[in-house]
Structures are given as structure tokens and as C-alpha cells.
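Read-outs: derived from the displayed coordinates by stated rules, not from any lab. Everything numeric in this text was worked out from a predicted model, so none of it was measured. Heads up, the Cβs are rebuilt from the backbone with ideal geometry, glycines too, and the neighbour counts pull from every protein chain shown.
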Amino acid sequence: MKRRRFSRALLAAPWLPLRAAEDGLRIATFEVDITPPLGSPLCHGNVPPSKEILTPLLARGIVILGAGDPIVLCAMDWVALANQSHLGIRKAIAQAVGTTDDRVAVHTVHQHDAPGSDLDTEQLLAAHGLGGRFSNEALDRRVFQAIADAARASLGEARPVTHAGFGTGTVEKVASNRRVLGPDGRVAFSRMSASKHPQAATAPEGTIDPKVRLVSFWQDGTPLAALTYYATHPMSYYGRGGVNWDFIGGARALMDAAFPGVRFIHFNGAGGNITAGKYNDGDPANRAVLASRVARGMQSAWETQKKVPLSAAEVDWRARPVALPVRHPDGEPRLLAVLADDAKPFAQRAFAARDLVFIRRMAAGGTIPVGRLRLGSANILHLPAELFVEYQLAAQAMRPDEFVAMAAYGDNAPSYIGTAIAYTQGGYEVGDHVSRVGPAVEAVLTDAMKELLASGI
């Protein structure tokens with residue numbers, strides 16, 4: 001088995017030293033500029049195309065070596081990846097570093113002034129004369145390959161890891177639950193990222209996870225990289241054609257400046273029903289304010305982290321493919337009619353195409369991966385789509401005495417994923433046009449999380 005792993009890695013990177021497969025625990029990090037050219041579709045065509053670049057967009061990742069086949073974690077400053085886009089980039093990275101695609105986790109940070117990619121949907125739209133408005137297929141493929149190439153190149157600079165650090169900090173006055181319930185137990189209004197609803201600021205924060213969690217890797221006393229996790233939609237304002245990484249990217253940049261030499265890689269947690277809407281009315285000045293608040297939480301997590309020795313034997317990756325319940329499995333005729341109707345607005349036809357792709361994928365036996373990285377007694381879960389924060393809180397409750405972090409916004413094919421009760425409460429996030437799964441999804445994902453968190457090294 002060890003010989004097969006070594007052969008695959010050697011084919012992927014023939015210039016690596018012969019002893020590389022036998023070195024102990026090591027990590028390599030990589031970064032790629034994934035800023036789109038001007039005129040590119042942003043947010044799946046739901047906002048104006050790019051007309052200026054306010055900040056670059058980045059893909060950052062880490063390759064963990066020495067614990068079986070390489071493990072790759074990557075976060076992209078794009079709005080979403082779905083279907084063949086998500087599978088394709090994972091396969092490209094896997095081939096580049098000599099591993100299997102089930103050991104590659106790719107997530108988006110979910111900024112909206114950024115591209116998204118779903119090659120299946122783009123191709124379906126193109127077949128109906130709507131190509132190039134949803135995404136830029138040529139750009140997507142170039143970016144995927146560039147990320148894979150960067151991951152491969154990083155292997156030559158892998159550094160030994162002797163310790164890991166785990167920290168938690170509180171982020172104040174950023175996150176709020178977007179689903180504000182009325183006296184009847186149903187959603188009274190949704191608190192969007194920039195919310196001008198008269199009760200947005202006065203309604204309680206609601207169910208959130210105020211904690212930012214940090215995992216760091218060290219070579220003795222030298223920090224090498226840090227992974228951060230925080231659950232919220234990352235937008236202060238958007239839709240004006242200015243490509244940018246918004247306040248989450250701003251917080252990451254502040255950490256870069258505060259700790260030079262450390263690669264900070266940020267993952268969005270289960271923030272599907274979380275926004276900054278209680279504390280943000282869309283004033284552009286709030287972007288820097290929100291960034292500084294998140295950065296303070298990140299810095300607190302860094303300063304309070306506990307370092308522990310970490311060996312390759314204490315690192316484990318497990319993945320479980322899950323089939324998700326389709327919201328409307330019999331909806332194909334209706335959706336085809338919408339897609340073919342030239343009188344319908346583009347956004348409506350694009351949603352129909354996305355729904356069709358998901359229905360067909362699940363009907364054909366398709367699955368979506370749920371992953372778990374174990375680092376000693378700490379766990380990091382990797383889940384798909386715009387997951388409600390209740391899943392993150394449930395995962396932490398399954399291991400109450402251990403460090404548990406979550407990255408959501410993996411394969412975004414299902415779009416919003418609510419809890420079972422949320423589908424009875426109404427609200428935008430569980431509407432037919434944005435949530436492609438039904439209430440049974442909670443049991444499916446909860447079972448997967450329980451199984452993964454129960455599995456040992």
C-alpha cells in the first residue's frame with residue numbers, strides 16, 4: 001500500500017526527493033490569484049459584471065503530507081462551486097499532488113462580488129442560447145488548473161510539522177441570524193447582509209455561533225500556517241461591479257500583516273442563515289469596521305491557542321459520500337418549460353437550469369462528500385453548500401469536550417440547506433427557488449457527522 005502511494009506521488013511530482021514519502025508529518029501551502037478579468041459574470045449573473053478590481057481574489061490551500069495519501073484543503077474567494085466544477089477541481093488537485101479526490105476538500109468563502117462556477121449549469125444554459133452570462137467556462141478551467149499547478153509546486157517547499165495549535169476567539173457585533181421569527185413561529189422577515197428593515201438592528205441576534213476557531217501548524221517554535229473558521233455570510237455591500245474580497249478577506253489581510261510568514265487560510269463555517277444584517281445597513285464604511293471586528297476575534301484565537309505536539313499517526317482523514325433528498329424530484333417538466341421560455345428573465349431561467357442539474361444528478365445516483373480531518377483530539381468537518389448554523393452547533397455538541405470546527409460551502413449544488421423545522425417556518429432561505437433539498441436532509445447530514453466524529457484514527 002505504501003509503495004502504491006509513493007508511486008502515485010512520484011508520477012505527480014517526479015522532481016521530489018526520494019525520501020519525501022517517508023519524512024514524517026509535513027505541510028505545504030499555496031496561493032493563487034483568481035481575480036476575474038473585467039466584464040466577467042459575478043455571483044452567477046445575479047449582479048452586474050465586473051467593471052473594476054477593488055481587491056484581488058485569492059485561493060489559498062494547504063497540503064498535509066505524511067499521514068497516508070496527501071490531504072488537501074483549499075478555500076477560494078468565489079461565491080460558489082457546484083457539480084462538475086467542484087468535482088473537477090478536486091480531481092485536478094488530486095492528480096497534481098498524487099492523492100485521490102476524496103482526500104481533497106475545496107470550499108468557497110462566498111463573497112458575492114466574485115465569480116461562481118457550475119460547469120453543468122453553464123453548459124445547459126449555453127444549449128438554450130444563454131451561455132456566458134452565468135459564468136465564464138474558460139476562466140473557470142484556467143483557474144482550476146492554476147490551483148492544481150500551485151498545489152503541485154508547493155510540495156517542493158513542504159516543511160516539517162512538530163506541533164499544532166488550537167484557539168477560539170469571540171467575534172462581537174458581526175453575526176446575526178437572518179431568519180427573524182414572529183409570534184406565530186414563522187419567519188417574519190429575513191435580515192439580509194445589508195439590511196434596512198426597520199427591525200433589523202433591534203431584533204435579537206438569534207441563533208449564531210460567535211466563535212472564530214483557529215488551527216495552526218508549527219515547526220518547533222516557528223508558525224507555518226493557520227486555518228480559521230467563522231460562520232457568516234461575508235458581505236457588507238455588493239452588486240456594484242467592484243470585485244473584492246469583502247470584510248472577511250479584509251480580516252484575513254489584517255492577520256497577514258500582523259503575523260508575516262504565516263499563511264492564513266479562511267473557511268466560511270455554516271453561515272447559510274447568518275449575516276451581518278443586525279450591524280450593517282449597507283454603508284460602505286461598515287466594510288472596514290466588520291473586518292476589524294472579525295480580525296480581533298481571529299487575533300484572540302491566535303493569542304489564546306494551545307500548542308500540542310502532533311505526529312503523523314495522530315492525523316486522519318475520512319470522507320463519506322451522501323445522497324441528498326431532492327426537494328421536487330418530479331419537477332423536471334416544469335423546469336424545462338421555464339428554461340425554454342424566452343420571455344422569462346435570465347435569473348429565473350438560470351435557477352431552473354440549476355434545479356434541473358441537481359435533480360438529474362441525484363436521480364443518477366450522484367453523491368456529495370462530507371469529510372472530517374482529525375488532528376489529535378481535534379476535529380474539522382467539511383460540508384457542502386449554504387448550511388444553516390444549527391449543523392455547526394450540533395457537531396460541536398457531539399464532541400462537547402473537544403475542539404470542533406466546520407467548513408461549509410463545499411459543493412453548492414443543493415444551495416441552502418435548512419434544518420427540518422426551518423422548512424415549516426417559511427422564509428427566503430428555504431424557498432423552492434434557493435433550497436433544492438427537503439426536510440429529510442437534516443437526518444442525512446446529522447447521521448454523516450455522527451459517523452465521522454465517532455470514527456477513530
Checklist entry - From the cross-link list Lys211/Lys278; Lys278/Lys307; Lys211/Lys306, which pairs have alpha carbons spaced over 26 Å apart? => result Lys278/Lys307
Item to check | P(r) of segment 32-84 over all Cα-Cα pairs, binned every 5 Å from zero, in whole percent | outcome: 4, 16, 20, 21, 14, 11, 6, 5, 3, 0
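Looking at the calculated P(r) for segment 172-248, what percent of the C-alpha pair distances fall above 13 Å?
Details: 2190 of 2926 pairs.
Looking at segment 172-248, the distances longer than 13 Å represent 75 percent of pairs.
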Item to check | Average Cα contact separation per residue, segment 373-457, under 8 Å, 6 or more apart, as relative contact order % | outcome: 29
Checklist outcome for this item: proj_area_mean for segment 276-435 (convex hull on C-alpha atoms), units nm², value 13.6
Checklist entry - Reachable aspartates and glutamates from Lys51, Cα under 17 Å, same-chain residues fewer than 8 places away excluded? => result Asp113, Asp246
Checklist outcome for this item: Between His197 and Ala138, Cβ-based FRET efficiency (R0 45 Å, step 0.05) works out to 0.65
Item to check | Hydrodynamic radius of segment 338-384 per Kirkwood, over alpha carbon pairs, in Å | outcome: 13.6
Item to check | Contact order relative to length of the chain, as percent, for alpha carbon pairs under 8 angstrom and 6 or more apart | outcome: 17
Checklist entry - Once the Cα atoms of segment 29-134 are picked out, what are the Rg and Dmax in Å? => result 15.0, 48
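Residue separation times 0.36 nm, minus the C-alpha to C-alpha distance between Glu332 and Ala443: what's the value? Please list the in-between numbers first.
Details: separation 111, 0.36 × 111 = 39.96 nm, distance 2.52 nm.
That works out to 37.4 nm of additional length.
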Checklist entry - Give me the log10 of I(q) over I(0) for segment 204-247 at q = 0.15, 0.30 Å⁻¹, as the Debye formula computes it from C-alpha points; what are the numbers? => result -0.65, -1.06
Item to check | Compactness of the chain as Cα Rg over 2.2 N^0.38 Å, two decimals | outcome: 0.93
Item to check | Estimated dipole of the chain in Debye, rounded to 20 [Cβ of Lys and Arg +1, of Asp and Glu -1, Cα centre] | outcome: 560
Item to check | Dipole magnitude (debye, nearest 20) for segment 141-223, charges at Cβ of Lys, Arg, Asp, Glu | outcome: 400
Next on the checklist: Ignoring everything except DSSP H segments at least 4 long, calculate the 222 nm mean residue ellipticity for the chain; use -39,500 (n - 2.57) per segment, divide by total residues, nearest 500.
Outcome noted: -9500 deg cm²/dmol
Item to check | Viscosity 0.890 mPa s, temperature 25 °C, Stokes-Einstein D of segment 368-427 from Kirkwood C-alpha radius, µm²/s | outcome: 198
Next on the checklist: Cα atoms only: what Rg and Dmax, in Å, come out for segment 123-187?
Outcome noted: 22.8, 60
